[in-house]
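Visitor: For reference, the structure I am asking about is given below.
Just so it is clear, none of the values below were taken in a lab; they were calculated from the coordinates. Bear in mind the structure is a predicted one, so any value in this text is a computation, not a measurement. Cβ sites come from the backbone with ideal geometry, for glycine too, and all protein chains shown count toward neighbours.
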Amino acid sequence: MERLQKYLAHTGVASRRKCEELILAGRVKINGTVVKELGTKVNPGSDIIEVDGKVFGEKEEKVYILLHKPKGYVTTLRDPQGRPKVVDLLKNVNERVYPVGRLDFETEGLLLLTNDGELTYALTHPKHEIGKTYVALVKGIPDRDKLKRFGKGLRLADGITAPAKVKLLKNMGSNARLEITIYEGRNRQIRRMCETIGHPVLELKRVAIGFLELRGLEEGKYRFLKKDEVQKLKRIAGTGASQK
């Protein structure tokens, strides 16, 4: 079970605060009944949630998409600045899908999109410790002691990070290319971690989420997950093995 406003925010409807306003304004229904009480619990796997008549829940066919996000795209469904959105890249997808987690404007790489709210919540919950692997070009060449700090946790403004894995892939002249795997989803986490050790990120690309990899998928292109991939993802996330 999940709080209604948290679920709506996860599904990309709006920010948490805006979702609370939508609920209080009577614009949200659960199983056909208007709900105005904040903190109402919902079951994303079975409850039918509507916002202004748009349905989020079991009546929608579940869609699972792996996208190679280019730089210069936002992963929000709305952008006040009018910048390109990742959903603009999807053609012939009739269902309303939303990103699982986010990649910032200047970061490219693997992004999952789905309308499966239960799976989204599970994949973004840190208790499942699903690794997200990035390749980062950083300024300068970090020494061994600095790289060891990733495995112990780095102190950021919002607390100490969970242990991460890091590997020096290659020296690129006066800079270095690193492979970093994290098990959290903090805002701009990789960039902030690298800044903390004194080697800011110059380029950043997410290459894998768990067992899912880009595998040569061209920038700006996407594919639908195979049935066995969805089943495996659900097992890892603890939401069941069957595809709905």
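Visitor: Which peptide among 213-222, 172-181 comes first, and what is the full order, when sorted by highest mean count of other Cβ atoms within 10 Å?
Guide: Ranked by mean Cβ neighbours within 10 Å, highest first: 172-181, 213-222.
Visitor: Sequence neighbours fewer than 8 away in the same chain don't count; with that in mind, list the aspartates and glutamates whose C-alpha is under 13 Å from LYS127.
Guide: Correct list for LYS127: GLU184.
Visitor: In whole angstrom, how long is each semi-axis of the equivalent ellipsoid of the range 95-233, when you take the square root of 5 times every eigenvalue of its Cα gyration tensor and sort them from largest down?
Guide: Largest first, the range 95-233 gives 27, 17, 13 Å.
Visitor: Between LYS18 and LEU212, what FRET efficiency comes out of the Förster formula 1/(1 + (r/R0)^6) with R0 = 30 Å and r the beta carbon distance, rounded to 0.05?
Guide: 0.50
Visitor: In debye, nearest 20: dipole of the range 1-94 around its Cα centre with unit charges on the Cβ of K, R (+) and D, E (-)?
Guide: Dipole size: approximately 380 debye.
Visitor: State the dimensionless ratio Rg/Rh of the range 2-56 (Rg: radius of gyration of Cα atoms; Rh: Kirkwood radius).
Guide: Rounded to two decimals, Rg/Rh equals 0.89.
Visitor: In whole Å, what are the Cα extents of the range 48-100 along the three principal axes, biggest one first?
Guide: Ordered largest first, the range 48-100 gives principal extents of 34, 25, 19 Å.
Visitor: Can I ask one more? If you line up the long axis of helix 227-237 against the longest principal axis of the chain, both from Cα atoms, how many degrees apart are they, to the nearest 10?
Guide: 80 degrees
Visitor: Any idea which of VAL87, GLY220, LEU4 is furthest toward the positive side of the dipole for the chain, if Lys and Arg beta-carbons carry +1 and Asp and Glu beta-carbons -1?
Guide: It is GLY220, whose Cα lies furthest towards the positive end.
Visitor: How fast does the chain diffuse by Stokes-Einstein, in µm²/s, taking the Kirkwood radius from C-alpha pairs at 25 °C and 0.890 mPa s?
Guide: On the way: Rh = 19.1 Å.
The estimated diffusion coefficient comes to 128 µm²/s.
Visitor: Same structure again: May I ask you to list the lysines whose Cα is less than 23 Å away from that of LYS54, ignoring any residue fewer than eight positions away on the same chain?
Guide: Within the straight-line cut-off, LYS54 pairs with LYS6, LYS18, LYS29, LYS36, LYS41, LYS62, LYS85, LYS91, LYS244.
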